[in-house]
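To start, the structure itself, in structure tokens.
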Amino acid sequence: MREASFGAENAAQYRAAVSHQKERMNSIFAWIRRFRWPIAAAGFVALVVVFFALRTLSGELEEKFHQDHDSIPTRVYSSVYRIRPGVGASVDELRFRFHEREYREVKPGEERSPGTYSLEIDEQKRPTILTVHTNDFSYPAVAKEVIFGSPDAAVGSARFTATWVGGTVSKVLGPDNGELPAGFALEPILVARLNEGNKEARKTVPIAEIPHTLLEGIMLTEDQRFFGHIGFDPRGIARSIWVGIRSGGHAVQGASTITQQLARNMYLNNRRTILRKVEELAVSVFLEIHFTKDEILEKYVNGVFLGQSGSIAIHGVAEAAKFYFNKQLDDLTIAEQALLTGIIKGPPYYSPFRHLDRAKVRQEIVLGKMRDAGVITEEQYNAALNEPIRLARASSIQNRAPYFTDMVQAQLLKELPDTESMEAGYTIFSTLDTYYQQLAEASVASGVSRVEANIKKYVELEAKRKEKKKKKKIPAADEPPPEDKPDEGGKLVQGVFVAVDPSTGHILGLVGGGSYEESNFNRALLMKRHIGSLIKPFVYLSALINGHNPDGTPLNSISKFEDKPFTYEYDKKSWTPKNFEDTFEGTVTMRFALAKSINTVAAQVAIATGLDNVVTTAKNAGFEGDLQALPSLSLGAFDAPPLDVARAYDTLANYGLRRELTATLAIVADDGHAVAKFTPKDERTLPPEETANVVQLMTSVFEIGTAHASRVEGFTWPAAGKTGTTSDFRDAWFAGFTHKILGISWVGFDRDDEVVRKHRKALSLTGAVAALPVWTEFMLATHKNQDPIDIAYPDGALRRVDVDLITGAKANQKCLGENVVQEYFTYRNAPLNECN
């Protein structure tokens, strides 16, 4: 029948093929019979070699099996974002904060679920009503204590409504419509994973602590006969070969057992060679002989590759649960366990962050196997199928604020001087405000770009000027024209910004350079430069504390000084300060001298007050460098890092209360216990009255002084600040603060070679030209669409008095006129006499 169906010709071809195949097999068998003893001997030798090789390697393999491979990155979280009465924010800021937390905006009145919000806006595009249903976040007790003030604070997913007036929150209502004076908070964001040189994350969890449904799902999916084989599954191999034959030679079904996968992951490589497969089988049998099934399964589920977070590979179900769902294993639902199990087959292909549809299909397959095997009920199966997948925030960025996390890491290593702390699985709750951080980065980038553009223009103008000179000069016939190559070099200009909440000492944002990819040198922490005129508020503060007028009365804001050339002789040396523009104003008040940053007056005040007193005041404020009582100190001729400047100006903003700045709130171990807590250490180091007095003088820097350009750019909030420029134009500074935030800006040059010196001398970069625009851009964004709030001076610290500038006496009916102004004094330095 078969031959008939083929036809005569095909039948002949078939018989010939069968005959040829028989002859071929007979020749093979004949060859085997002929060499049976050598083949048997070779096989025996091979078995002996494998036996002794495994005996030799057994100690090494067993040691490797028991090695602790835990390497859990330390996670750094941002600060929470508080919405409470008195907090101001623009619509852009609110939407940014919700967007980065992956909240979804809905229409007012629409049904809200966790992770949604609605926003009503007035005609001036300012928020009026915000309604939000917050996401849940698992805060350890210590985090609740440092963030919310109590380890038992009730925080979680709930609905809130905030009413806004003038860009500021006026009232917050809770889920029961009760008023909440403390407001509520949006959850923190994962901003960095710190792993000291390691490229993987894994954590070992005892098998008894892993949900049995997860284990069953993994075995059903990866190795259904796990408890019935000795390392490899002959039936599985045969099935795989048969499926491959039926598919035309294309392997469509794997045959590796869990033990083989473990052997490959731990001891071997993924090369697809016969030798590697033989090694895999041998090691698998060895593992089965030496270890129990539970030990093998535990090792497998704790080491299996389950995804990639940037440059760090995620190994093991415990780390994967945190990575994909931000949960502990015990908290995973059946649906989440199935999704996790499905990823094992191919983490890049089935990643729910990238391919949720594929991950969902794979999840359904795993759930079906679990139902069919009786691991879950039909009801559990249906519930898991319909359960929405809520993934953790997907981010392949390992470090969203690298300069900031440098400081976090420094604080961590100070508390725990052990590099392994980077791999101990700590959770760090930081002070980083991601909105302020991105604004600081953008402001520094634009500020640096402006200076670089000016340098480029200067170079182009120089090239054109030289070209004109060359055209005028006619070279000799045998003289080649001179080369005119532009000066080459690396990145010339760098920028730094430090943002601090003056009410807490929390560092909200920190930029240590133009680009972390180009240079990870953190200038905010490590760079020490002359601070120039940033020292002057402390010179005048020292004068207010210690200085006296010629008549013996205390110095005050209208005390008069002569802006004129002078030379100071000391220790057989002479020192002559110069003003920036080499001009002199004559008789000026202390307020005017500070606002205009007049060098000769600052020098006179420092010398008259006592240089030792100036050193003491500066150190009490927070400068920790080597300050020497030299006359050049009065003009900032000493080195300090930007963080020291931030600390000192924060002391001014707090009217003499020196506070330790911090980037970290709490370090929490994986089991939830506190490794370290950071609480502000406040110390009264300067008198509040005189400090408030000098802060009030610093407001004139914006109104009539070197920072007036900030007002021209539209920044209207009451603020106090000071520009700073070094004499060689290498460093440009601005430090200033409002009621809301303190900002320190630096723009300057890393290099100090001839090329850079030529550029900076030609550009004459000052604090007002280079650093103030960065500060202004940042402040315009952070205070956008909010009604200005005055700087709040300590109660009773200052008194406002009408005075006659000519006589310095209190004004009355006898001296009304254009020379009468309102001035601020302390109770100690206010004028006592009236006009006569």
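Is the range 691-836 best put as rounded, prolate or oblate by its Cα gyration tensor, with a ≥ b ≥ c the root eigenvalues, rounded for a/c under 1.5, and otherwise prolate when a/b is larger than b/c, oblate when not? The shape class here is prolate. Across the range 110-182, the mean sequence separation of Cα contacts (distance under 8 Å, 6 or more residues apart), normalised by length, yields a relative contact order of 25 percent. Full extension of the chain between residue 567 and residue 619 gives 16.1 nm of extra length, using 0.36 nm per residue less the Cα-Cα distance. For the range 544-683, the mean projected area of the C-alpha convex hull, equal to one quarter of the hull surface, is 11.1 nm². At the residue level, residue 288 shows approximately 30 square angstrom of accessible surface with a 1.4 angstrom probe and all protein chains present. Measuring between alpha carbons in the structure, the pairs from 619/681; 293/369; 466/758; 457/528 lying more than 26 angstrom apart are 457/528. What spacing in nm lies between the two simple spin-label points modelled at residue 679 and residue 805, each 7 Å away from Cα in the Cβ direction? It is 5.0 nm. With only the Cα atoms considered, the range 679-757 has a convex hull volume of 157 Å³ per residue. Other residues with beta-carbon under 14 Å from the beta-carbon of residue 594 carry, at +1 per Lys or Arg and -1 per Asp or Glu, a net charge of 0.
For the peptides 807-816, 660-669, the ranking by mean Cβ contacts within 10 Å, running from highest to lowest, is 660-669, 807-816. What does the charge count around residue 172 come to, taking other residues whose C-beta lies under 9 Å from its C-beta (Lys +1, Arg +1, Asp -1, Glu -1)? Value of the local net charge: +1. Quick check on the range 544-600: take the gyration tensor over C-alpha atoms, sort the square-rooted eigenvalues as a ≥ b ≥ c, and tell me if it's rounded (a/c under 1.5), prolate or oblate. Oblate, since a/c reaches 1.5 and b/c is not below a/b. When you count the other C-beta atoms within 10 angstrom of each residue and take the mean per peptide, 72-83, 342-353 line up highest first as 72-83, 342-353.
Entry note: the range 131-208 has Rg to Rh equal to 1.14, where both radii use alpha-carbon atoms and Rh is the Kirkwood radius. Each peptide among 785-791, 173-179, 402-408 gets the average number of other Cβ atoms lying within 10 Å of its residues, and from highest to lowest they stand as 402-408, 785-791, 173-179. Quick check: at a probe of 1.4 Å, how many percent of the accessible area of the range 488-630 sits on carbon and sulfur atoms? Ligands and nucleic acids excluded, carbon and sulfur reach 47 percent.
Answer rounded, prolate or oblate for the range 70-164, using the Cα gyration tensor with square roots of eigenvalues a ≥ b ≥ c: rounded when a/c is under 1.5, else prolate when a/b is larger than b/c, else oblate. It comes out prolate by the Cα gyration axes. Positive contributions from Lys and Arg (+1) and negative ones from Asp and Glu (-1), summed over other residues with Cβ under 13 Å from the Cβ of residue 606, come out at 0.
The values are calculated or read from the model by the stated rules, or taken from the named source; none is laboratory data. Just so it is clear, the model here is predicted, and its values are computed rather than measured. Neighbour counts run over all protein chains shown; Cβ positions are idealised from the backbone, glycine included. To get the accessible areas, we keep the full protein, side chains included, count just its heavy atoms, and leave off ligands, DNA and RNA. Shrake-Rupley method; radii C 1.70, N 1.55, O 1.52, S 1.80 Å.
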